[in-house]
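See structure below.
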Amino acid sequence: MKRLPGRNLFFQPELDNGNIAVVTPRGTPVGIVWFRPTGRYTVEIEHLEINWAYQNTGLGEALLREFAANLLTLYPEARFVTGNATSQGIVRLLRKVFGPERDRANLFELPRRSPKDWISTRNRVHLRFRAPRESVAAWRLAGYLLEDE
């Protein structure tokens, strides 16, 4: 497991199952990102969730950056990252990690925070970003790739 810098939390990847979790030293999950390929060139972020006690601490960004760091290793032909957003906050977070989306989304209809019934809401925006194209060697040198257990 790889430790999150400056925290007593660890990444727990299950890359073959399409998820990366953040856990406490006792193994309690506090955040997770699920993803899956949806085509030859596209990987979709299906779900990003952070425990309420850990929200607004940068954990969501750390999870997305870990996903981005492993993307080309897992899916070498990936060109796009897609996902549905149910709040303006999620859109801002995705933009922070992946840059501007391919087709600028209209955020005026989205709430500032994800609604409690986010899973059933129809008020969402589908986003499409370019996958990071940095070389795998550069990521490995920077220490971002998950280490073998």
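Structural remarks
- For segment 84-103, a tally of residues being closer than 19 Å to T38 by Cβ and modelled with pLDDT of 85 or more returns 3.
- For segment 46-93, residues that are touching a strand residue (DSSP E or B) at 6+ places or on another chain (Cβ under 6 Å) and either buried (at least 18 other Cβ atoms within 10 Å of the Cβ) or not in a helix (DSSP H, G or I) (or both) total 20.
- Residues (surrounded by fewer than 20 Cβ atoms within 10 Å (Cβ to Cβ), more than 20 Å from H126 (Cβ to Cβ) and small (G, A, S)) located in segment 22-45: G27
The values are calculated or read from the model by the stated rules, or taken from the named source; none is laboratory data. Just so you know, these numbers come straight off a predicted model, no measurement behind them. Don't worry about glycine lacking a Cβ; one is built from the backbone with ideal geometry, like all the others, and counts go over all protein chains shown.
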